[in-house]
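Asker: One structure follows; several queries about it will come next.
The values are calculated or read from the model by the stated rules, or taken from the named source; none is laboratory data. Everything numeric in this text was worked out from a predicted model, so none of it was measured. Cβ sites come from the backbone with ideal geometry, for glycine too, and all protein chains shown count toward neighbours. Accessible surface areas use protein heavy atoms only, side chains included; no ligands, DNA or RNA. Shrake-Rupley method; radii C 1.70, N 1.55, O 1.52, S 1.80 Å.
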Amino acid sequence: MCEDTGSYTIDRGSVSAKPLNTVQKGKGIGGTIDISFGQPTLDTSSGNSFFPGEGMQTVIYPVTLKLSDGDFFTASYLKFGLTDQSGNPCKADVLNAVISGSDKLDVESLSPGDTLTKKLAFAVPVGADLSKYSLVFNDDSNGDAEVAWTAK
């Protein structure tokens, strides 16, 4: 079971999860982006005492964002989440315990024609069946998801 007590959490809500590699549109104030996730990798050796935590492992997703309509889009890791089969949010690697530097999706501005590929990491229980989890996106960085993907 995932558990995140952070102030920014996105619930899957009633949105239907599409297959992992499906391109979906995320809308923001300045434009619309195409979002797609690649296959996850598991990391059982990195982290610290805070992340991923005891009995947890890290799942890392490559995410590709492309501005498809509009003048700009501000992408942030806070706009993405992972929820378990019960809808509980999974803790994100916000303090760079596993992913750091230029690999991590931080806060990025996209202009027309820009494409960006970065990584997002979440803590999941060891042995978790990711096919029952959902990746979620919400431009407001909180509340119910606008779009979702199955996590495997």
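Asker: Looking only at region 142-152, count how many residues are touching a helix residue (DSSP H, G or I) at 6+ places or on another chain (Cβ under 8 Å) and either outside any strand (DSSP E or B) or of a type outside the set (Val, Ile, Thr) (or both). Quick ask: steps written out before the conclusion?
Answerer: As a first pass, look at region 142-152 and keep what is touching a helix residue (DSSP H, G or I) at 6+ places or on another chain (Cβ under 8 Å): 150-152.
Checking the rest, the ones that are also either outside any strand (DSSP E or B) or of a type outside the set (Val, Ile, Thr) (or both) come to 151-152.
Summing the residues that are touching a helix residue (DSSP H, G or I) at 6+ places or on another chain (Cβ under 8 Å) and either outside any strand (DSSP E or B) or of a type outside the set (Val, Ile, Thr) (or both) in region 142-152 gives 2.
Asker: Touching a Lys or Arg at 6+ places or on another chain (Cβ under 6 Å), in contact (Cβ under 8 Å) with a residue 24 or more places away in the chain and either closer than 30 Å to Pro112 by Cβ or not in a loop (DSSP other than H, G, I, E, B) (or both), is that true of Asp4? Talk me through it step by step, then tell me what you get.
Answerer: Values: touching a Lys or Arg at 6+ places or on another chain (Cβ under 6 Å): yes; in contact (Cβ under 8 Å) with a residue 24 or more places away in the chain: yes; either closer than 30 Å to Pro112 by Cβ or not in a loop (DSSP other than H, G, I, E, B) (or both): no.
No, not satisfied.
Asker: Against the definition (assigned to a strand (DSSP E or B) and aliphatic (A, V, I, L, M)), how does Leu20 come out, yes or no? So that I can check it myself, show each step before the final result.
Answerer: Values: assigned to a strand (DSSP E or B): no; aliphatic (A, V, I, L, M): yes.
In short, no.
Asker: Give me the pairs, please: first residue somewhere in region 117-131 and hydroxyl-bearing (Ser, Thr, Tyr), second residue anywhere and open to solvent by less than 20 Å² (accessible area, probe 1.4 Å) and part of a strand (DSSP E or B), beta-carbon distance under 9 Å, and either six or more positions apart or on two chains.
Answerer: From residues that are hydroxyl-bearing (Ser, Thr, Tyr), the pairs are Thr117/Val63; Thr117/Leu65.
Asker: For region 112-133, enumerate the residues that are within 16 Å of Lys25 (Cα to Cα) and either among the hydroxyl-bearing types (Ser, Thr, Tyr) or out of contact with any Leu (no Cβ under 8 Å at 6 or more places or on another chain) (or both).
Answerer: Result: Thr115, Thr117.
Asker: If you don't mind, there's one more thing I want to ask. Determine which single condition Thr41 fails, assuming it passes every other condition in (1) touching a Phe, Trp or Tyr at 6+ places or on another chain (Cβ under 9 Å); (2) crowded, with 16+ Cβ neighbours inside 10 Å.
Answerer: Only one criterion in (1) touching a Phe, Trp or Tyr at 6+ places or on another chain (Cβ under 9 Å); (2) crowded, with 16+ Cβ neighbours inside 10 Å is unmet by Thr41, namely (2).
Asker: Still on this structure, please answer the following. Among Ser111, Ser100, Ser14, Ser68, which is within 17 Å of the chain's Cα centre (by Cα), among the polar types (S, T, N, Q) and either more than 19 Å from Asn142 (Cα to Cα) or surrounded by fewer than 16 Cβ atoms within 10 Å (Cβ to Cβ) (or both)?
Answerer: Ser100
Asker: Would you confirm whether any residue within region 22-40 is touching a residue at least 24 places away in the same chain (Cβ under 8 Å), of a type in the set (Asp, Glu), farther than 22 Å from Leu67 by Cβ and touching a Lys or Arg at 6+ places or on another chain (Cβ under 9 Å)?
Answerer: There is no residue in region 22-40 that is touching a residue at least 24 places away in the same chain (Cβ under 8 Å), of a type in the set (Asp, Glu), farther than 22 Å from Leu67 by Cβ and touching a Lys or Arg at 6+ places or on another chain (Cβ under 9 Å).
Asker: Out of region 114-127, which residues are loosely packed, with under 15 Cβ neighbours inside 10 Å and either closer than 19 Å to Asp4 by Cα or at pLDDT below 90 (or both)? Before you say what the answer is, go through the steps one by one.
Answerer: Of all residues in region 114-127, those loosely packed, with under 15 Cβ neighbours inside 10 Å come to 115, 117, 126-127.
Passing the criteria: Val126, Gly127.
Asker: Next up: Got a sec? Which of Ile60, Ile29, Ile33 is aliphatic (A, V, I, L, M) and closer than 23 Å to Val126 by Cα? Show your work before the answer.
Answerer: On the way: Ile29 fails: closer than 23 Å to Val126 by Cα; Ile33 fails: closer than 23 Å to Val126 by Cα.
Matching residue, one of Ile60, Ile29, Ile33: Ile60.
Asker: Turning to a different aspect of this structure: Kindly list the number of the only condition in (1) within 13 Å of the chain's Cα centre (by Cα); (2) open to solvent by 20 Å² or more (accessible area, probe 1.4 Å); (3) of a type outside the set (Val, Ile, Thr); (4) within 26 Å of Ser14 (Cα to Cα) that fails for Gln85.
Answerer: (1)
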